[in-house]
Amino acid sequence: TWKRTSAKGGMWGLIAGMVIGLTRLGAKVYYSSVVLPGENLFKYIFYDVNWLFFCGWMFLFCILVVIVVSLFTKAPSEEKIQGLVFGTSTKEQLAETRSSWNHWDIIHTCIILGITIAFYIYFW
């Protein structure tokens, strides 16, 4: 875990992803109903690029936004991020998490995974 990530970095990463995603959606709606002569960079990036490639590049861009904004803002204190993720949990918090589940949780997890695998096998 990168402990330097700030709340403002996360917020601006979400905003950047939303703006880019909505721009792509708008481009898909617009260019699907209009025939324009010639090509342009905006149309290529937001309409022509395969959605899987687009999502991968958008994900990397949002990570970059989070990193850059976090580096320009104040880092969160150790107390504020303690216990937020496993990497910042204390031994007591980890022990509490491990003691919160029992054998029934394991059994139900195996059942759910089995059903999921069965659906994948059947519908693949």
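The values are calculated or read from the model by the stated rules, or taken from the named source; none is laboratory data. Because the structure is a prediction, the values reported are computed rather than measured. Note that we place each Cβ from the backbone using ideal geometry, even for glycine, and neighbour counts take in every protein chain shown.
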Per-region count, segment 82-94, residues aliphatic (A, V, I, L, M) and either assigned by TED's automatic domain parsing to the domain that holds GLY10 or assigned to a loop (DSSP other than H, G, I, E, B) (or both) = 2
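Here's the yes/no breakdown for (1) in contact (Cβ under 8 Å) with a residue 12 or more places away in the chain; (2) aliphatic (A, V, I, L, M); (3) at positive phi; (4) not assigned by TED's automatic domain parsing to the domain that holds THR5:
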residue: THR23; (1), (2), (3), (4): yes, no, no, no
residue: VAL34; (1), (2), (3), (4): no, yes, no, no
residue: ASP48; (1), (2), (3), (4): no, no, no, no
residue: PHE72; (1), (2), (3), (4): no, no, no, no
residue: GLU96; (1), (2), (3), (4): no, no, no, yes
residue: ALA118; (1), (2), (3), (4): no, yes, no, yes
residue: TYR122; (1), (2), (3), (4): no, no, no, yes
Residues of segment 25-50 being exposed (fewer than 10 other Cβ atoms within 10 Å of the Cβ), among the hydrophobic types (A, V, I, L, M, F, W, C) and part of a helix (DSSP H, G or I), which ones?
-> LEU41
On the given criteria, is ASN40 at pLDDT below 90 and more than 23 Å from MET11 (Cα to Cα)?
-> yes
